[in-house]
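Each remark here refers to the structure printed beneath this line.
Read the figures in this text as sums done on the coordinates, not as results from a lab. In this text the structure is predicted, and so the values were computed from the model without any measurement. Backbone-built Cβ (ideal geometry, glycine too); neighbour counts: all protein chains shown.
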Amino acid sequence: MTVTAPPAPAGVVPSGRRRPETRRSSRVNAGQSRYGYLFVSGYTILLLAFGLLPTLYALYLSFTRDGDFVGFDNFARVMGDYRFLPAVGHVALYIVFWLVSLLIFVVVLAIVVHGIRVRWLGDTARFLFYIPGAIAGASSVLLWLFVLDPSVSPVSGLLRAMGFESLVNVVAVDNLPVVFTVIAFWAGAGGWIVIMYGALNNISSDIMEAARIDGANALQVAWHIQLPMLTKWISYMGIMSLAAGTQLFVEPKVLAQATKNVVPEDYSLNQLAYLYAFRQGDFSGSAAISVMLLVVALGLSTVFIFRGRLFEHD
């Protein structure tokens, strides 16, 4: 006698079987995972080839000389170089000016552009903000050579009113942190303004409307609502800008060539590392400077990460 199992109720899938929708969903997820790995693989290969492996090789060189382990001798020798501390001071002063200008002016400009609420102005402004960032670093410096030269500059009247009669006066060593900050801000701030503008668009309109109903003015909305919600983006901007700022090289290098070494060849730490490697043939000393730059950048970036709660969920 054969016993037949009763039919399953409508909408219920017998045990051991999977719904067709579940099988399709699994196939879709598997396909998406493969595509995800494919896209990430390009970045991973480049990161290994031009990020991790050079860093490991620099670590090896910094602790060795001619293949022999020397401990921290390369670091001590480089730090005892009479050019090292002035280069540290130049880079540190530039980073302070650069980060302060970004953290203040970029955020303020983004909030102002977002608050205008005029569509054509917002679109036009976002396009204009992007243009300077499309110019490569060396080309940007060459452009600024003309802007900073009172004899050909479109703002020559302003430069002469400030007491500058020639390019050599403008790029005097004491003025370089401000000059490099202006160049970097012009080239990089626009992209960050657009990013901050997008972050401001993600703030719920209900929150903004509730604040206005409660009587908050534009300044109070910016201080108590927009700025706290931009904290993670500001931290991210600080980390990326800090990483770029410690790598100061192209600007002083081009200015040094254009002014016949009025700007010193060893102005920045990267320039000093370059001189160690290709002028003195001391790759161990060059690697030691690179490792110190890496450690400082990582340490300061950690401050931004934790102070800005970059990886915390809202």
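I'd like the chymotrypsin sites (Phe, Trp or Tyr not before Pro) in region 48-99 restricted to DSSP loop residues with at most 15 other Cβ atoms within 10 Å, sorted by number.
Here the chymotrypsin sites (Phe, Trp or Tyr not before Pro) that fit, given the DSSP loop and packing criteria, are F72, Y82.
What does region 190-314 give for Rg and for Dmax, in Å, if only its C-alpha atoms count?
21.2, 68
Tell me the GluC sites (Glu not before Pro) within region 165-273 that lie in a loop according to DSSP and have at most 13 other beta-carbon atoms within 10 Å.
Passing both the DSSP loop test and the Cβ count: E165.
Return the loop-located trypsin sites (Lys or Arg not before Pro) in region 254-310 (DSSP other than H, G, I, E, B) with at most 12 other Cβ atoms within 10 Å of their own Cβ; answer none if there are none.
K260, R279, R309
Amide H neighbours of T64 under 5 Å, at least 5 residues apart or on other chains, H built in the peptide plane: list them.
Result for T64 returns V70.
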